[in-house]
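Heads up, the thing below is written out as structure tokens.
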Amino acid sequence: MKLYNFFRSSASYRVRIALNLKGVSYQYIPIHLRRSGGEHHTPAYRAMNPQELVPTLEDGGRFFTQSLAIIEYLEERYPEPPLLPRDPADRATVRSMALGVACEIHPLQNTRVVSYLRDVLHHGDEDVNAWIRHWVTLGLAALEQQVLAVPQRGRFCFGTTPSLADIFLVPQLYNARRFGCDLSVCPTLVQIDQACCALPAFADAAPEKQPDAE
Ligand SMILES: N[C@@H](CCC(=O)N[C@@H](CS)C(=O)NCC(=O)O)C(=O)O
């Protein structure tokens, strides 16, 4: 398996955590998002991933894109340890937490969106930072409430073992810290993040541990 990714990309970080939790070894192929105008915009990369986003997973001669689809692929190919609970209602709850990050928070702070605000609409740093902090904080506050409402409260977002929800949470909190967001809105998420980062699967996936880290 080959993972085309970037150390600081939170969508890449999610897939690295999942691969580590599953104990699947992979080749790390760095795709630099800024160098030479962004290596994700080259024709060779676009042929693998027409969305021109990282990550892309190559397996069995096929290319898989979108971190959630990649992680669900890994879940189906390597069912142990499970990243989703067994009960359908519980599975929907965990997926909702992950999707809250993937669909409601992350896209609004993604590089190309922020660059558009800055370079095309000519917003200054102050506006852009306010935009990022607003959407990230709003989304994390909602996720905090979702986690608190879980009947099976444990050390993780859902119960006593890491799930898809934790895989999406940890990279998003990493981004939130980078952007200077106010994490007082989500004290439970901060505790869960600490519990996750104490596990080797999460710690080894951290941006600063990757071969292309700057
Ligand atoms: N929904 C996609 C998001 C992928 C994504 O936005 N990746 C970012 C890095 S975290 C990226 O490639 N950004 C490049 C850009 O914005 O130009 C996923 O989950 O894989």
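The values are calculated or read from the model by the stated rules, or taken from the named source; none is laboratory data. From a predicted model like this one, the values you see are computed outputs, not experimental measurements. All Cβ positions, glycine included, derive from the backbone under ideal geometry; neighbour counts span all protein chains shown.
For the reader, a short list of remarks on this structure follows.
- Contact map, the range 92-104: first residue farther than 10 Å from CYS157 by Cβ, second residue more than 13 Å from the ligand (Cβ to nearest atom) and outside any helix (DSSP H, G or I), Cβ cut-off under 8 Å, separation 6 or more or different chains; pairs are ARG95/LEU84.
- Qualifying positions in the range 179-214 - under 14 Å from the mean Cα position of the chain (by Cα) and closer than 27 Å to ASP125 by Cα: ALA206, PRO207
- For first residues located in the range 22-50 and in the same structural domain as SER163 (by TED's automatic domain parsing), partners that are surrounded by 10 or more Cβ atoms within 10 Å (Cβ to Cβ) and assigned to a loop (DSSP other than H, G, I, E, B) and lie 6+ apart or on another chain with Cβ distances below 9 Å do not occur.
- Applying the set (1) part of a loop (DSSP other than H, G, I, E, B); (2) farther than 21 Å from LEU169 by Cβ; (3) more than 9 Å from the ligand (Cβ to nearest atom) to SER36 leaves exactly one unmet item: (1).
- VAL15 hydrophobic (A, V, I, L, M, F, W, C), surrounded by 17 or more Cβ atoms within 10 Å (Cβ to Cβ) and not assigned by TED's automatic domain parsing to the domain that holds LEU173: yes
- Filter pass, GLN152 being outside the structural domain of ASN20 (by TED's automatic domain parsing) and either assigned to a helix (DSSP H, G or I) or among the aliphatic types (A, V, I, L, M) (or both): no
- Among the residues of the range 51-64, those that are farther than 17 Å from ASN110 by Cα and within 13 Å of the ligand (Cβ to nearest atom) comprise LEU57, PHE63, PHE64.
- Selection over the range 54-73 of residues that are of a type in the set (A, V, I, L, M) and either surrounded by 21 or more Cβ atoms within 10 Å (Cβ to Cβ) or touching a strand residue (DSSP E or B) at 6+ places or on another chain (Cβ under 6 Å) (or both) gives a count of 4.
- Only one of the listed residues (LEU74, LEU84) is away from the ligand (no atom under 16 Å from the Cβ), over 12 Å from the mean Cα position of the chain (by Cα), of a type outside the set (D, E, K, R) and closer than 29 Å to ALA149 by Cα. That residue is LEU84.
- The test for being without any contact (Cβ under 8 Å) to a residue 60 or more places away in the chain, buried (at least 17 other Cβ atoms within 10 Å of the Cβ) and under 28 Å from GLU39 (Cβ atoms) does not hold for LEU189.
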